[in-house]
1. Nearest 5 percent is fine: what portion of the DSSP beta bridges confined to the range B:71-193 is antiparallel?
2. Distance in nm between label sites at B:ILE348 and B:GLU319, each 7 Å beyond Cα in the beta-carbon direction?
3. Can you compute the radius of gyration and Dmax for the range A:89-232, using only the Cα atoms, both in Å?
4. On a full-extension model of 0.36 nm per residue, what is the gain between B:ARG53 and B:ASN148, subtracting their alpha-carbon distance, rounded to one decimal in nm?
5. Once you average over the residues of B:113-123, how many Cβ atoms of partner chains fall within 10 Å of each Cβ?
6. Note down the magnitude of the dipole of the range A:45-291 about its Cα centre, charges +1 on Lys and Arg C-beta and -1 on Asp and Glu C-beta and zero elsewhere, to the nearest 20 debye.
7. Add -39500 (n - 2.57) for each DSSP H run of 4 or more in chain B, then divide by its residues: what number comes out at 222 nm, to the nearest 500 deg cm²/dmol?
8. What FRET efficiency do you get for A:GLU300 and A:MET228 if R0 is 41 Å and r is their Cβ-Cβ distance, rounded to the nearest 0.05?
There are 2 protein chains.
Amino acid sequence: MDINQFLSDRSRLMKASEIRELLKWITEDVISLGGGMPDPSSFPTKEIIEITRDVLSTKPDRALQYGATGGVAELKEEIVRFMGKEGIKIEGPENIIITVGSQEALDIIGRLFINPGDYIITESPTYLAAIQAFRIYGPKIVGVPMDNDGIRIDVLEDTIKKLSGDGKVKFIYVIPTGQNPTGITMSMERRKALLEIASRYDLLVIEDDPYGYIYFGDGTPPDRLKAMDTEGRVIYLSTFSKIAAPGLRLGWVAASKEIIRWFELAKQSIDLHTSTLNQYIAAELLKRGVIERNIPKIKEIYRTKRDLMLQALGEYMPEGVTWTRPSAGMFIWLSAPEKVDTGEMLSIAIKKYRVAYVPGKSFYPNGERHNDMRLNFTYPTPQQIFEGIRRLALAIKEYLSLVS
Amino acid sequence: MDINQFLSDRSRLMKASEIRELLKWITEDVISLGGGMPDPSSFPTKEIIEITRDVLSTKPDRALQYGATGGVAELKEEIVRFMGKEGIKIEGPENIIITVGSQEALDIIGRLFINPGDYIITESPTYLAAIQAFRIYGPKIVGVPMDNDGIRIDVLEDTIKKLSGDGKVKFIYVIPTGQNPTGITMSMERRKALLEIASRYDLLVIEDDPYGYIYFGDGTPPDRLKAMDTEGRVIYLSTFSKIAAPGLRLGWVAASKEIIRWFELAKQSIDLHTSTLNQYIAAELLKRGVIERNIPKIKEIYRTKRDLMLQALGEYMPEGVTWTRPSAGMFIWLSAPEKVDTGEMLSIAIKKYRVAYVPGKSFYPNGERHNDMRLNFTYPTPQQIFEGIRRLALAIKEYLSLVS
């Protein structure tokens, strides 16, 4: 039987993640700077063993049973407290929903808000999996360029003005702190301006904040958009994947009660609710201070590895190559001279030099640049970082000599 | 700000589950026969504690890290073995994908196969949450009536013939064993006829099988549709919610490799993957024989509770009330005389008699009957079952006297 005749039109918008496809190429001797995984030495393994034993000894009937779609009450209360300590005041647990990682929140956003043909705005480049999640719902995705202070507000306003005559702009999606893929953190000034524009043109703002709690720059990070949101316009997303462990698949959304109720309605038909056991584990990780004690350790690991990668880049890269200096997140964004097509270069890098990265093109909603790449510094070991960058520089030099 | 102006047309198809709304009414002194939860005494709690400790001691880096979208290889292999023992031959792990409960599989089916306006066929009545999951994608849902042997094949064929001129019929969705909400198990003859029709009219068959492994009738249950599927036409869904614990949120799909690849593509943008930790737990529950040893215990609990509810029904119900005698599943389907509107009756039942059930109407895709109700016998205690049915009989008698 031919499955094609049964597929929906929507299915034809689904594309395999190039990152995940890439992983299939990679054998043991390839150093991969292409992933997006946290350092497993930061996982609170011992504490999760203890907590699981305690939770299942004291409340097995609840932790292993079906639960409410919105999430376990204890966890939502702990999240409200946790966010409060970071200066993000959330009214109460009714403003929170627990999701299967942030990815599920991205899918629900598409489901709730995007009609085919609607405009949505993102930073350009932006998170690949957000583009994929939104794309299924048929929007026109418009990217606004960034500089070292984040999204360019002048271009943003021009873009919105231009689009407004033409159709509905639903939301602006941003990753203000340690952006994926660039590692850039949006300045305080830009954050204020962004909210002002959202208010003036009546748009929702999606603030994706996986890295805010592990900001490792000097001083304190700029305020979250959600902390400055006086109009209930910001839908805030975060995750336990970087402050605890991604294998738990736990994320959360903070928004107005009305928006959260819509999220619950959507989630009910997607998967009923998120794993109750994992939610109780996360609630205890917060309650017992495990996450709070873990965060300085994670920051230290990330800062050290970032410094190492920056040092290696400075040492090995040829002239004409530039890169960002992130104070949050997991990635450095490298821009090669314009004649380099990093997508085309990848096979040389992997096959001859045994090093992998993610070509930059697919992070652009409209594919406008081909000479960037995303480098991950959190998963590889220090030795792999140094050796990986050395090999990458050789690959770039060889490619440059071929196209010159 | 007014959230309504941002909502997609799709959002307006979302409806709160009446069952879940109902739960909000219920205080401690109400006996609820309305839920759909397994008996928590059947959860393998002690074993999950041990397994979590072992898994996290031996492979924390994998169990707490991101994983493949399709699922953990060890778990998929164990599922292939587990299904094999039940006579369902699956080629290999590439024919399996792990989902967040069966609910996620239902959503993905909608996403992959339904274009707005497509026809899909279900048993009538059918599983409420399946209707909800499919409805978001805009199909025309056509219910085919059942008798004590399952879906009526004569009506099914007439229905398909009639619809075929009018548009694309994509699939038939059935719960062949211990159907939700009726408790009916489809006969072997009907199963064969169903597959024949699907082949003749070239349709997909969705076989939702949450209860097949805990069939508690006499003898062995009829073969699974998937076990008889020679054309790769059956998409088989099952779950760990009833053989282990629903709080793990683990389900799986078995289908042709090509269909599984489409499921993976869809799932990637929904939530990347299912909790790795929980998948390793389930793999060990199967490998160590915990589930196999648990199954006879679950069957015994369910059979005893069903018998008790049947006994109480026989003892208390007035004339004109009929009910099913399930040999699988978690529910008895009760039909009151036609003048009873079980939706309207619910407030008397809860407020005066302190007993709750789910009114039957919303299980009908086209809402054609109003005098049925779904009764759950797995979650309430034996005392609650007996007392609950006694109270329910009083409510029905009072309602009958009011409308006569």
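Please treat every number below as a calculation from the coordinates, not as lab data. Being a predicted model, the structure only gives us computed values, none of them experimental. Ideal geometry is used to build each Cβ from the backbone, glycine not excepted, and the neighbour counts take in all protein chains shown.
1. 15
2. Simple spin-label model gives 1.9 nm for this pair.
3. Answer for the range A:89-232, Rg first and Dmax second: 14.7, 43 Å.
4. On the way: separation 95, 0.36 × 95 = 34.20 nm, distance 4.64 nm.
Full-extension gain reported as 29.6 nm.
5. Working: counts 6, 5, 5, 3, 0, 2, 0, 0, 0, 0, 0.
Partner-chain Cβ atoms within 10 Å, mean over residues of B:113-123: 2.
6. Details: 30 positive and 34 negative charges, 67 e Å.
The dipole magnitude comes to about 320 debye.
7. Details: 13 runs with 169 residues, N = 404.
Mean residue ellipticity at 222 nm (helix-derived): -13500 deg cm²/dmol.
8. Values: r = 29 Å, r/R0 = 0.70.
Rounded to the nearest 0.05, the efficiency is 0.90.
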